[in-house]
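See structure below.
Derivation of every value follows stated rules applied to the coordinates shown; laboratory data play no part. Computed from a predicted model, the values in this text were never measured in an experiment. Glycine also receives a Cβ, built like all others from the backbone with ideal geometry; neighbour counts cover every protein chain displayed.
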Amino acid sequence: MKFFKDSHNEIFVITEAQMHLVRHDWAEITAEQRDLILKEKDSTEQSSEPLTEERISAIKERLLEIDVESIRPLRAIATDTARYYDHQKLKSLNSERVNLLKELHNI
């Protein structure tokens, strides 16, 4: 198995049989780098400082952007032309959405 990350530090574990799914913008990483990225994500999620009005506004704006970014992959899925990337994009956007909603509701 090989580990890859995209520009958003989303991690992908790919087997030799799945190598055709690797995108050109993904970077191969080591298991140690993967562990570091996961630890950073965990520490970021655990830090809880009070939300400012500016941060709340930024979260709401990003949630709207996520809705817009979801349109193309959803259309591809609805028209049965989706590729692996479309599913991964939706998974990544949904994960980000869930984290933002958790942050927003922890006010």
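Residue count for the stretch 75-98 satisfying the condition of being in contact with a helix residue (DSSP H, G or I) (Cβ under 7 Å, 6 or more places away or on another chain) and either surrounded by 15 or more Cβ atoms within 10 Å (Cβ to Cβ) or farther than 27 Å from His24 by Cα (or both): 8. Against the test of being within 21 Å of His105 (Cβ to Cβ), of a type in the set (Val, Ile, Thr) and touching a residue at least 24 places away in the same chain (Cβ under 8 Å), the options Ile37, Ile66, Ile29 yield a single qualifying residue, Ile66.
Being of a type in the set (A, V, I, L, M, F, W, C) and surrounded by 15 or more Cβ atoms within 10 Å (Cβ to Cβ) is the filter; apply it to the stretch 1-21 and report the residue that is farthest from Gln88 (Cα to Cα). Explain how you work it out, then say what you get.
Keep residues of the stretch 1-21 that are of a type in the set (A, V, I, L, M, F, W, C), which gives 1, 3-4, 11-14, 17, 19, 21.
Adding the requirement that they be surrounded by 15 or more Cβ atoms within 10 Å (Cβ to Cβ) leaves 3-4, 11-12, 14, 21.
Working: Phe3: 15, Phe4: 13, Ile11: 11, Phe12: 9, Ile14: 13, Leu21: 11 Å.
Here the answer is Phe3.
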